[in-house]
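*Asks:* The structure that follows is given in the form of structure tokens.
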Amino acid sequence: MKRNLLIPFFFIFASGSAIADYFDGNDLKKMMDSDRLQDIGMFRGYVAGVQDFNNEVLFCVHENVKLSQSSAIVQKYFSDNPQTWHLSAKELVVRALQKSFPCKK
């Protein structure tokens, strides 16, 4: 089941940044706050896609970090930074993960 949720996100992120910026923070916020399992799955899949595509490039998430932890970090970032919700969802997820998992220099 998890694998099937991530397949669409692979194509979104593999096909270029124009498509990856389809969602803004307001869209992602609606998904994360929804009671619908489909929306929550989309939110978690989006976080997973951004994390998988950018890990060890823009941030360094340890291999033992679970998706539930990464998703909670993004939710906390959204809660603490409502002034940024108009930005692209990808940028906001990257910012959240960079803050929590910076790469060592």
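The values are calculated or read from the model by the stated rules, or taken from the named source; none is laboratory data. Every value quoted in this text rests on a predicted model; they were computed, and no experiment measured them. Neighbour counts run over all protein chains shown; Cβ positions are idealised from the backbone, glycine included.
*Asks:* Is it fair to say Ile19 is in contact with a Phe, Trp or Tyr (Cβ under 9 Å, 6 or more places away or on another chain) and either at pLDDT below 95 or not in a helix (DSSP H, G or I) (or both)?
*Replies:* yes
*Asks:* If you don't mind, there's one more thing I want to ask. Out of Arg36, Arg44, which single residue is farther than 15 Å from Arg95 by Cα, under 10 Å from the mean Cα position of the chain (by Cα) and either among the aromatic types (Phe, Trp, Tyr) or at pLDDT 95 or above (or both)?
*Replies:* Of Arg36, Arg44, the one residue that is farther than 15 Å from Arg95 by Cα, under 10 Å from the mean Cα position of the chain (by Cα) and either among the aromatic types (Phe, Trp, Tyr) or at pLDDT 95 or above (or both) is Arg44.
*Asks:* Among the residues of segment 66-74, are any basic (Lys, Arg), out of contact with any Ser or Thr (no Cβ under 6 Å at 6 or more places or on another chain) and surrounded by fewer than 13 Cβ atoms within 10 Å (Cβ to Cβ)?
*Replies:* Within segment 66-74, one or more residues are basic (Lys, Arg), out of contact with any Ser or Thr (no Cβ under 6 Å at 6 or more places or on another chain) and surrounded by fewer than 13 Cβ atoms within 10 Å (Cβ to Cβ).
*Asks:* Next up: Anything in segment 86-100 that is surrounded by 16 or more Cβ atoms within 10 Å (Cβ to Cβ), of a type in the set (A, V, I, L, M, F, W, C) and in contact (Cβ under 8 Å) with a residue 60 or more places away in the chain? List them, or say none.
*Replies:* Matches in segment 86-100: Ala89, Leu92, Val93.
*Asks:* Read through the list (1) more than 18 Å from Phe101 (Cα to Cα); (2) modelled with pLDDT of 95 or more; (3) among the basic types (Lys, Arg), then give the number of the only condition that Lys90 fails.
*Replies:* For Lys90, the failing item is (1).
*Asks:* I'd like to check something: does segment 53-61 contain any residue that is touching a residue at least 40 places away in the same chain (Cβ under 8 Å), surrounded by fewer than 17 Cβ atoms within 10 Å (Cβ to Cβ) and assigned to a helix (DSSP H, G or I)?
*Replies:* Checked segment 53-61: no residue is touching a residue at least 40 places away in the same chain (Cβ under 8 Å), surrounded by fewer than 17 Cβ atoms within 10 Å (Cβ to Cβ) and assigned to a helix (DSSP H, G or I).
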